[in-house]
Amino acid sequence: MRKNLNVIAAYSIMMVLIILVGIFQSWNIALSIFNMCLISAVMTMGANIQWGYAGLINFGIMGYTALGGLAAVLISVDPIQEAWRVGGFDILMCLWLIIVMVLVIRFILKNFQKSKLRTYGIAAIIVAGIIIIRITAEPGIEAIEAVNPAKTGFLGGLGLPIIFSWIVGAFFAGGLAFIVGKVALGLRADYLAIATLLISEIVIAIIKHEDWLTRGVKNVIGLKRPAPYEVDLQTTDWFINLVEKFNSGKLSLISNLADRQSALNQLVIEGSSVFVKLCYSGLFLVVVIILLILTQKALYSPWGRMMRAIRDNEEAANAMGKNVVKQHLLIFILGSAIVGIAGAMLVTQDGLFTPGSYRPMRYTFLIWVMVIVGGSGNNFGAILGGFAVWFLWIEAAPIALFLINLFTASMSDTHALKVHLIESVPYFRYLMMGLGLLLIMRYRPKGILPEKIEIK
Amino acid sequence: MDILNAIVLLLNYIFVPALTYGSQLALGAIFVTLIYGILRFANFATGDMMSFGTMVAILFTWYFQSLGISLGLLPTALIAIPFAVVFMAMYMLLIDKFVFKYYRVQKSPPVQLAMVSIGVMFVTQAVVRIIIGPADQRFFDGQKFIIKAGEFKEMTGLNEGLAIKSTQVITIFVTIILVSVLFWFLNKTKTGKSMKAYSDNEDLALLSGIDPKRIVMITWIIAGILATIGGVLYGLDKSFKPFTYFNNMLPIFAAAIVGGIGNPFGAFLGGYVIAFSEIFLTYAYKKFFMYVLPESMEPETLVQLLSTDYKFAVSFSILVIVLLYRPSGIFKGKVL
């Protein structure tokens with residue numbers, strides 16, 4: 001208990017801050033911050049596994065998040081029969097061609113000696129394959145995109161409950177991580193950072209422009225929800241009774257019956273959106289707790305010890321007979337899969353998939369700030385980083401506005417500088433993030449909650 | 001006649017734009033490579049440092065324009081560049097003093113410095129957006145075209161026009177001058193040689209009496225010059241938008257690595273490799289084939305290898321391939 005005091009204190013402060021937002025701003029805002037904090041926490045756990053446990057740098061978090069989001073679309077949207085009818089065959093043909101191509105390359109890699117000829121041969125196969133696939137796919141893609149383009153124009157998904165996509169998202173992200181890991185993990189740390197950053201940009205480019213699969217920048221909206229809809233709740237009896245019971249004290253003060261009814265209606269509308277957010281919080285909390293237990297167990301298991309040994313001294317671990325390459329690949333896949341879950345959760349919560357919104361600042365670098373600030377190598381630290389940084393990211397604008405008003409109190413409201421500063425309030429969050437990161441890296445390089453390894 | 005038309009077509013749509021874009025990338029790539037070679041970290045703040053320099057140049061341009069100073073046919077921004085460079089160099093030295101110096105003295109691993117540069121990236125981005133805003137800024141003035149497409153057609157009697165913007169000529173011209181001066185400095189002067197020595201082997205350089213503080217300072221100043229001029233040229237040619245500059249960091253990194261990171265000449269060529277391959281692979285060759293091939297063989301599709309949406313993806317794919325097969329870059333040679 002005693003030695004965990006700083007963890008408990010840090011989390012209590014965080015909770016108090018969120019509750020304060022609930023009291024002073026609104027419970028709706030507080031809960032949406034809390035939900036996003038939970039999603040950020042899942043992402044930071046993924047990044048922390050890679051960076052904190054194994055020292056692998058992954059600047060491609062954005063790509064895995066987007067793949068998780070794509071999984072949510074492909075799982076939950078109903079299949080579009082007509083699109084499948086007009087273009088499904090061509091797409092399946094392409095899929096088959098890709099599989100053949102991969103198998104041929106595998107065959108060549110296995111059965112021929114490494115030589116220049118082999119390299120050129122593989123390159124030729126890939127180029128030829130891409131051209132053939134393009135020619136095969138073109139009519140199918142055009143046909144699919146022509147099917148009711150304002151509403152669909154893509155193949156749709158499987159029509160399953162969206163919760164399944166959290167697992168599928170993990171598999172998608174893990175699959176990509178397998179390919180990336182096979183290709184890039186041998187690189188030096190900073191090259192790996194650049195390579196993963198660029199690969200994630202390629203993933204986003206594909207998601208943005210392959211309209212037949214993802215609808216691209218036209219966005220997919222109105223995804224299914226695991227939680228009830230506000231409109232349905234507002235007409236459900238048990239929910240109205242619940243709100244009434246909850247606020248009976250407040251309502252009994254109003255004597256006029258009509259006034260009381262309208263007050264109740266207002267409360268029901270507010271309550272319904274709070275209730276929906278609470279449902280999401282519950283779901284996300286379950287995911288966070290399961291992942292936390294698993295990662296904690298892993299950290300203190302022999303496997304976790306081995307990972308730390310590899311991180312701290314690769315050569316020594318290799319000499320002890322640990323397969324560094326294999327373990328790096330494994331942990332790269334695991335971490336990315338967790339990020340994929342977070343990506344699917346994010347799309348589930350928003351109910352829409354907007355490929356244009358995936359930007360490296362928000363989905364890669366901000367997550368890294370969270371990990372570094374929270375404390376890499378420590379799961380509680382990483383989660384706390386997710387909470388604290390996301391909280392600051394949202395509340396930065398009000399804080400900046402407050403500070404600007406404080407420092408420019410002597411100026412008139414129409415003073416050009418003051419107006420300009422108030423207009424640029426949204427960008428103060430970048431400033432705060434940057435300063436926060438720099439200060440933490442300088443004065444507390446291990447983060448708010450540093451890594452603590454107990455030998456039992 | 002048709003062959004001539006085809007050549008002019010390629011010149012107009014591929015060669016001139018690629019050369020311009022390549023020059024702009026090349027300056028950024030040399031910046032990345034210098035920082036990597038001497039300070040030994042991947043600078044993720046590259047794009048934002050360029051946008052900072054450009055922002056200062058834009059502010060000076062606006063000031064000069066309000067004073068009524070102009071260069072006539074040339075853009076006013078050219079006068080603003082020297083002032084912006086001074087400002088930018090001061091900013092770079094300030095960042096170095098308050099941020100990077102500590103980690104350099106501590107001999108932190110390169111990854112940590114890269115992380116720190118992300119902090120700098122956030123701060124610089126915020127400063128730029130707070131001062132000038134996130135919107136598009138155009139600061140070009142003077143004459144826009146040297147040759148207009150219509151005039152060219154009239155002059156030569158060809159079907160295809162060749163339009164050359166003055167910014168394209170300025171970009172190529174300034175790049176040639178700047179890069180020649182830089183290579184002369186690195187290869188012929190004593191300071192340049194000591195920078196090379198420092199980048200080759202730090203300890204040996206220290207032993208032979210090279211002052212590391214001076215080397216680092218000069219590196220940052222050169223980096224500031226390159227970042228400002230590269231950024232201003234890009235902004236003149238296209239337009240200035242902080243987000244675009246941040247995104248440009250990626251092809252710039254690609255160019256630096258393709259050329260062999262730490263090797264300025266490689267980075268210079270790498271810029272053109274990236275620019276040309278981006279434009280070559282995403283250009284629709286239909287019209288070209290219409291001129292070259294006989295009428296019966298004319299292509300029906302656009303004959304485009306990749307859609308322009310994948311412009312960025314091309315450079316990244318090149319980068320990934322280079323990283324896999326030749327991590328030291330395609331241009332072998334001495335580092336720095």
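None of the figures in this text is laboratory data; all of them are computed from the coordinates on show. Because the structure is a prediction, the values reported are computed rather than measured. Quick reminder, even Gly has a Cβ in these numbers, built from the backbone with ideal geometry, and neighbours come from all protein chains shown.
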Exercise for the section: Please compute the net charge surrounding A:GLN266, taking Lys and Arg as +1 and Asp and Glu as -1 over other residues with Cβ under 13 Å from its Cβ. Expected result: -1
Exercise for the section: Find out how many positive minus negative residues lie around A:GLY55, taking Lys and Arg as positive, Asp and Glu as negative, among other residues whose Cβ is under 11 Å from that of A:GLY55. Expected result: 0
Exercise for the section: Can you check what the net charge comes to around A:ALA205, using other residues whose Cβ is under 12 Å from the Cβ of A:ALA205 (Lys, Arg +1; Asp, Glu -1)? Expected result: -1
Handout entry: ³J(HN,Hα), Karplus 6.51/-1.76/1.60, whole Hz, each residue of region B:138-151, x for Gly, Pro
Key = 10, 10, 7, 9, x, 7, 7, 10, 8, 10, 8, 4, x, 4
Exercise for the section: Read phi for every residue in region A:100-110 and hand back ³J(HN,Hα) as whole Hz from Karplus 6.51 cos²θ - 1.76 cosθ + 1.60, θ = phi - 60°, with x for Gly and Pro. Expected result: 4, 4, 4, 5, 4, 5, 4, 4, 5, 4, 7
Exercise for the section: Using all C-alpha to C-alpha distances in region A:164-298, build P(r) with 5 Å bins and read off the rounded percent in each one. Expected result: 2, 8, 10, 12, 11, 11, 11, 9, 7, 6, 5, 4, 2, 1, 0
Practice task
Show the residues, 5+ positions off or on another chain, whose built amide H is closer than 5 Å to the amide H of B:ILE147.
Solution key: B:ILE164
Exercise for the section: Assign unit charges at the C-beta atoms only (+1 for Lys and Arg, -1 for Asp and Glu), then state the dipole size of the protein assembly as shown relative to its Cα centre in Debye, rounded to the nearest 20. Expected result: 2680
Fill in the blank from the handout: Ranked on Cβ counts within 10 Å of their own Cβ, fewest leading, A:CYS279, A:CYS94, A:CYS37 go A:CYS279, A:CYS94, A:CYS37
Practice task
Read phi for every residue in region A:186-196 and hand back ³J(HN,Hα) as whole Hz from Karplus 6.51 cos²θ - 1.76 cosθ + 1.60, θ = phi - 60°, with x for Gly and Pro.
Solution key: x, 6, 5, 3, 6, 5, 4, 4, 5, 4, 5
Problem - Rounded Å value of the spacing that divides the Cα centres of region B:213-228 and region A:276-351 - result: 41
Exercise for the section: Taking the dipole about the Cα centre of the protein assembly as shown, with the C-beta of Lys and Arg at +1 and of Asp and Glu at -1, give me whichever of B:SER180, A:VAL147, A:ASN313 is farthest to the positive side. Expected result: A:ASN313
Completion exercise
Zone reached by a paramagnetic label modelled 7 Å from A:ILE130 Cα along Cα→Cβ, restricted to region B:254-271 with backbone N below 20 Å, covers B:254-259, B:270-271
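Over 29 Å between Cα atoms, which of A:LYS326/B:LYS311; A:LYS326/B:LYS101; A:LYS322/A:LYS446; B:LYS101/B:LYS196; B:LYS97/B:LYS193; A:LYS452/B:LYS107 qualify? All intermediate terms of the calculation are to be shown ahead of the outcome.
Values: A:LYS326/B:LYS311 34 Å; A:LYS326/B:LYS101 37 Å; A:LYS322/A:LYS446 27 Å; B:LYS101/B:LYS196 20 Å; B:LYS97/B:LYS193 24 Å; A:LYS452/B:LYS107 24 Å.
Flagged as over cut-off: A:LYS326/B:LYS311; A:LYS326/B:LYS101.
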Handout entry: Gain on full stretching of the segment that runs from A:LYS182 to A:PHE24 - 0.36 nm per residue minus C-alpha separation
Key = 51.9 nm
Completion exercise
At R0 = 56 Å the Cβ-Cβ FRET efficiency linking A:ASN219 and A:GLU314, nearest 0.05, sits at 0.80
Completion exercise
Expressed as a whole number, the average count of other chain Cβ atoms within 10 Å around the Cβ atoms of B:95-104 is 1
Practice task
Could you check the simple spin-label distance between A:VAL286 and A:ALA263, using points 7 Å along Cα→Cβ, in nm with one decimal?
Solution key: 3.7
Fill in the blank from the handout: Low-density loop GluC sites (Glu not before Pro), region B:268-300, at most 12 other Cβ within 10 Å, DSSP non-H/G/I/E/B, are B:GLU300
Exercise for the section: On a C-alpha basis, how far is the centre of region A:86-108 from the centre of region B:1-68 in Å? Whole number, if you could? Expected result: 40
Handout entry: Simple label model, 7 Å out from Cα along Cβ direction - B:MET297 to A:TYR443, nm
Key = 7.3
Completion exercise
Compactness check, chain A: C-alpha Rg relative to the 2.2 N^0.38 Å globular estimate gives 1.13
Exercise for the section: When a/c is below 1.5 the answer is rounded, else prolate if a/b is larger than b/c, else oblate, so apply that to the protein assembly as shown with a ≥ b ≥ c taken from the square roots of the Cα gyration tensor eigenvalues. Expected result: rounded
Exercise for the section: Starting with the fewest neighbours, write out B:ILE132, A:ILE39 ranked by other beta-carbon atoms found within 10 Å of each beta-carbon. Expected result: B:ILE132, A:ILE39
Fill in the blank from the handout: Once the dipole of region A:176-248 is set up from charges on Cβ (+1 Lys and Arg, -1 Asp and Glu), the residue from the list A:VAL220, A:ALA205, A:PHE178 lying farthest towards its positive end is A:PHE178
Exercise for the section: Order these peptides, A:164-173, B:167-176, by their mean beta-carbon neighbour count within 10 angstrom, highest first. Expected result: A:164-173, B:167-176
Problem - Spacing of the two label points (7 Å from each Cα toward its C-beta) at B:ALA135 and A:LEU403, in nm - result: 2.6
Practice task
Quantify how strongly other chains surround peptide A:130-142 by giving the mean number of their Cβ atoms within 10 Å of each of its Cβ atoms.
Solution key: 1
Practice task
May I ask for the distance between the Cα centers of region B:258-336 and region B:139-161, given as a whole number of Å?
Solution key: 27
